[in-house]
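**Student:** Once you've had a glance at the structure underneath, I'll fire off some questions.
The values are calculated or read from the model by the stated rules, or taken from the named source; none is laboratory data. Owing to the predicted nature of the structure, the values given are computational and were not obtained by experimental measurement. Positions of Cβ are generated from backbone atoms using ideal geometry, with glycine treated the same way; all protein chains shown enter the neighbour counts.
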């Protein structure tokens, strides 16, 4: 079972500008309200962060998810399209030098309905990756468009 249940109510919204300009210690997983997406892009660019937006609506299983993320982030040829390889690549990103990394996942509700265990695993993995980046004093922010208990909401 994931640390982030499937049907929670969102917490009090925070401003995206405050989240992305904070120290890497504030990086992690967030729920992004639709109106936050332009501000996420603008703030990421202003801070010199890498920004990837991945649409999950048309993905129905873990294999499709792992392939889509690898393609979107231009993972190296050695990427094995499994959870361990995803964690390895997301924890490295040496081919994507930047002051921070921002991943926006859209269509999360649809994907979570089709592949709930894969979505739970992904959330747990992304939280761990964010912690790894914090030890290097680099932020790794993830914004999902599906409310989850325990995740701060940004707008």
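**Student:** Go through the stretch 70-105 and give me each residue that's over 18 Å from residue 132 (Cα atoms), touching a residue at least 12 places away in the same chain (Cβ under 8 Å), out of contact with any strand residue (DSSP E or B) (no Cβ under 7 Å at 6 or more places or on another chain) and in a helix (DSSP H, G or I).
**Tutor:** 70
To keep it simple, each residue is scored yes or no on (1) modelled with pLDDT under 95; (2) out of contact with any helix residue (DSSP H, G or I) (no Cβ under 7 Å at 6 or more places or on another chain).
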position: 82; (1), (2): no, no
position: 87; (1), (2): no, no
position: 90; (1), (2): no, no
position: 94; (1), (2): yes, yes
position: 99; (1), (2): yes, no
position: 102; (1), (2): no, no
position: 105; (1), (2): no, yes
position: 115; (1), (2): no, no
position: 121; (1), (2): no, no
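**Student:** Looking only at the stretch 50-68, decide whether some residue is surrounded by fewer than 13 Cβ atoms within 10 Å (Cβ to Cβ) and assigned to a helix (DSSP H, G or I).
**Tutor:** No - not one qualifying residue is present in the stretch 50-68.
**Student:** Another question, if that's okay. Can you name the number of the only condition in (1) over 16 Å from residue 110 (Cβ atoms); (2) at pLDDT 80 or above; (3) surrounded by 18 or more Cβ atoms within 10 Å (Cβ to Cβ); (4) touching a strand residue (DSSP E or B) at 6+ places or on another chain (Cβ under 9 Å) that residue 33 fails?
**Tutor:** Only one criterion in (1) over 16 Å from residue 110 (Cβ atoms); (2) at pLDDT 80 or above; (3) surrounded by 18 or more Cβ atoms within 10 Å (Cβ to Cβ); (4) touching a strand residue (DSSP E or B) at 6+ places or on another chain (Cβ under 9 Å) is unmet by residue 33, namely (3).
**Student:** Residue check, residue 128 against (1) out of contact with any strand residue (DSSP E or B) (no Cβ under 8 Å at 6 or more places or on another chain); (2) over 16 Å from residue 28 (Cα atoms); (3) surrounded by fewer than 15 Cβ atoms within 10 Å (Cβ to Cβ), all met but one. Which one?
**Tutor:** If we test residue 128 against (1) out of contact with any strand residue (DSSP E or B) (no Cβ under 8 Å at 6 or more places or on another chain); (2) over 16 Å from residue 28 (Cα atoms); (3) surrounded by fewer than 15 Cβ atoms within 10 Å (Cβ to Cβ), just (2) comes out false.
**Student:** Sticking with this structure for a sec: Do we find that residue 133 is in a loop (DSSP other than H, G, I, E, B) and either in contact (Cβ under 8 Å) with a residue 24 or more places away in the chain or out of contact with any helix residue (DSSP H, G or I) (no Cβ under 9 Å at 6 or more places or on another chain) (or both) in this structure?
**Tutor:** Criteria not met by residue 133.
**Student:** Same structure again: Return yes when residue 3 is assigned to a loop (DSSP other than H, G, I, E, B), at pLDDT below 85 and under 19 Å from residue 130 (Cβ atoms) and no when it is not.
**Tutor:** In short, yes.
**Student:** Any residue that is touching a strand residue (DSSP E or B) at 6+ places or on another chain (Cβ under 6 Å), surrounded by fewer than 22 Cβ atoms within 10 Å (Cβ to Cβ) and within 19 Å of residue 69 (Cα to Cα) - is there at least one of those in the stretch 135-143?
**Tutor:** Scanning the stretch 135-143 turns up no residue that is touching a strand residue (DSSP E or B) at 6+ places or on another chain (Cβ under 6 Å), surrounded by fewer than 22 Cβ atoms within 10 Å (Cβ to Cβ) and within 19 Å of residue 69 (Cα to Cα).
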